[in-house]
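A.B. asks: Here it is: the structure, laid out below.
The values are calculated or read from the model by the stated rules, or taken from the named source; none is laboratory data. Treat the numbers as computed from the prediction; the structure is a model and nothing was measured. Positions of Cβ are generated from backbone atoms using ideal geometry, with glycine treated the same way; all protein chains shown enter the neighbour counts. SASA here: full protein model, heavy atoms, side chains in, ligands and nucleic acids out. Shrake-Rupley method; radii C 1.70, N 1.55, O 1.52, S 1.80 Å.
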Amino acid sequence: MLRGIIRWEISIAFIAGVFISAMLFNMADPTRYASPVIHLLTGYTLIGAFFLATESSSSPVNFIPMLIYGALGGVM
């Protein structure tokens, strides 16, 4: 991000998509679904947000499509 190789918009939108979808599931049934913080800090969520989603061959170039792409990737 500091060098400008990957864009921050995709990563932040991806993390927000994961957080919001995990929060909705947790609010629906907290005994069955884990909290959003657990989803963010365990597994491959951060690897997906910073390395997989920001790959230059498949990510969009404009600002709004980057946000949509990251958010939908996070929700999935």
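A.B. asks: Which one is least open to solvent (accessible area, probe 1.4 Å), of the residues in the range 1-45 that are under 19 Å from Met66 (Cβ atoms) and of a type in the set (Lys, Arg)?
C.D. replies: Start the filter on the range 1-45 by keeping residues that are under 19 Å from Met66 (Cβ atoms), which leaves 1-21, 45.
Cutting the leftovers down to of a type in the set (Lys, Arg) gives us 3, 7.
Numbers: Arg3: 212, Arg7: 108 Å².
Filtering the range 1-45 for residues that are under 19 Å from Met66 (Cβ atoms) and of a type in the set (Lys, Arg), the one least open to solvent (accessible area, probe 1.4 Å) comes out as Arg7.
A.B. asks: So which residues in the range 50-76 are within 10 Å of Ile6 (Cβ to Cβ) and part of a helix (DSSP H, G or I), if there are any at all? Break it down into steps so the answer makes sense when it comes.
C.D. replies: Step one: filter the range 50-76 for residues within 10 Å of Ile6 (Cβ to Cβ), giving 50-51, 53-56, 59.
Of everything in the range 50-76, those that are within 10 Å of Ile6 (Cβ to Cβ) and part of a helix (DSSP H, G or I) turn out to be Phe50, Phe51.
A.B. asks: Being part of a loop (DSSP other than H, G, I, E, B) and at pLDDT 95 or above: is that true of Arg3 here?
C.D. replies: Details: part of a loop (DSSP other than H, G, I, E, B): yes; at pLDDT 95 or above: no.
Here the answer is no, as Arg3 does not meet what is asked.
A.B. asks: Please find, within the range 49-75, the residue that is farthest from Phe19 (Cα to Cα) out of those that are in contact with a Gly (Cβ under 8 Å, 6 or more places away or on another chain) and crowded, with 18+ Cβ neighbours inside 10 Å. Even if it seems obvious, please write down each step before you answer.
C.D. replies: Step one: filter the range 49-75 for residues in contact with a Gly (Cβ under 8 Å, 6 or more places away or on another chain), giving 49, 53, 70-75.
Those left that are additionally crowded, with 18+ Cβ neighbours inside 10 Å: 49, 53, 70-71, 73-74.
On the way: Ala49: 12, Ala53: 16, Gly70: 12, Ala71: 10, Gly73: 12, Gly74: 8 Å.
Looking at the filtered set, the residue picked out is Ala53.
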